[in-house]
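**Student:** First the structure, which I've put down as structure tokens, then a few questions once you've had a look.
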Amino acid sequence: MEDVYAEEEIIAGCRQGKASFQEKLYQLYSRRMMAVCVRYTQSRFEAEDIFHEAFVKVFKNIDTYSGGSFEGWVRRIFVNTAINHYHKNRRLQEQLDYSTIEEVTPTDEDIISTISGQELMELVNQLPEGYRLVFNLYVVEGYNHREIGEMLSIAEGTSKSQLAKAKAQLKKLLQKYSISENAD
């Protein structure tokens with residue numbers, strides 16, 4: 001029978017540098033945090049790099065955790081590591097086209113209700129990197145445009161524009177997806 005520990009016990013064990021507790025923490029959060037990494041990258045390889053780097057930061061900085069949602073604290077490290085990775089590898093600069101904010105009509109709820117979360121994330125992953133980052137930070141992680149602007153070193157208006165363009169492009173992808181699904 002495997003030992004079951006409360007989150008506080010696992011955190012305490014990690015603070016003492018005990019490998020068995022670090023492994024338990026890893027098992028507890030690895031799937032959810034890998035999902036975070038995948039949302040911010042173009043490839044599984046990149047996601048795994050961020051994933052490992054972020055877990056090292058969690059273990060290194062666990063003494064700075066001072067209460068509140070531990071999962072929220074861990075998630076923030078993973079998101080920040082992904083954003084830092086984005087800054088280091090900012091190769092798709094031309095996508096940050098600040099021109100105009102496009103008006104977006106709401107996406108067709110019927111299309112969204114017919115696809116799974118996994119299928120929706122696959123469509124989101126087809127978005128250009130700048131759009132995908134803002135979409136994930138705003139829609140999935142719940143940051144506001146001011147916070148996103150600070151994290152990505154872009155203007156608040158750019159964040160709004162990127163989100164609007166991401167939604168417009170996602171709507172087109174959803175419509176294409178719906179047409180191809182109904183054609184089967």
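**Student:** Those residues that are surrounded by fewer than 20 Cβ atoms within 10 Å (Cβ to Cβ) and outside any helix (DSSP H, G or I), I need them from the range 118-142; list them, please.
**Tutor:** N125, Q126, P128, E141, G142
**Student:** Here's something else I'd like to know. With respect to E109, is the statement that it is at pLDDT 70 or above, out of contact with any Leu (no Cβ under 9 Å at 6 or more places or on another chain) and not polar (S, T, N, Q) true?
**Tutor:** It is false that E109 is at pLDDT 70 or above, out of contact with any Leu (no Cβ under 9 Å at 6 or more places or on another chain) and not polar (S, T, N, Q).
**Student:** Taking the residues in the range 156-179 that are in contact with a helix residue (DSSP H, G or I) (Cβ under 6 Å, 6 or more places away or on another chain) and small (G, A, S) as candidates, determine which candidate is surrounded by the most Cβ atoms within 10 Å (Cβ to Cβ).
**Tutor:** Out of the qualifying residues, it is S159.
**Student:** Another question, if that's okay. Would you mention how many residues in the range 18-47 are loosely packed, with under 13 Cβ neighbours inside 10 Å and either within 12 Å of the chain's Cα centre (by Cα) or of a type in the set (D, E, K, R) (or both)?
**Tutor:** 3
**Student:** Tell me, which residue of the range 16-47 that is among the charged types (D, E, K, R) and at pLDDT 90 or above is farthest from Y131 (Cα to Cα)?
**Tutor:** K18
**Student:** Report yes if I62 is in contact (Cβ under 8 Å) with a residue 60 or more places away in the chain and either surrounded by fewer than 15 Cβ atoms within 10 Å (Cβ to Cβ) or in a helix (DSSP H, G or I) (or both), otherwise no.
**Tutor:** no
The values are calculated or read from the model by the stated rules, or taken from the named source; none is laboratory data. All values derive from a computational prediction rather than experimental measurement. Heads up, the Cβs are rebuilt from the backbone with ideal geometry, glycines too, and the neighbour counts pull from every protein chain shown.
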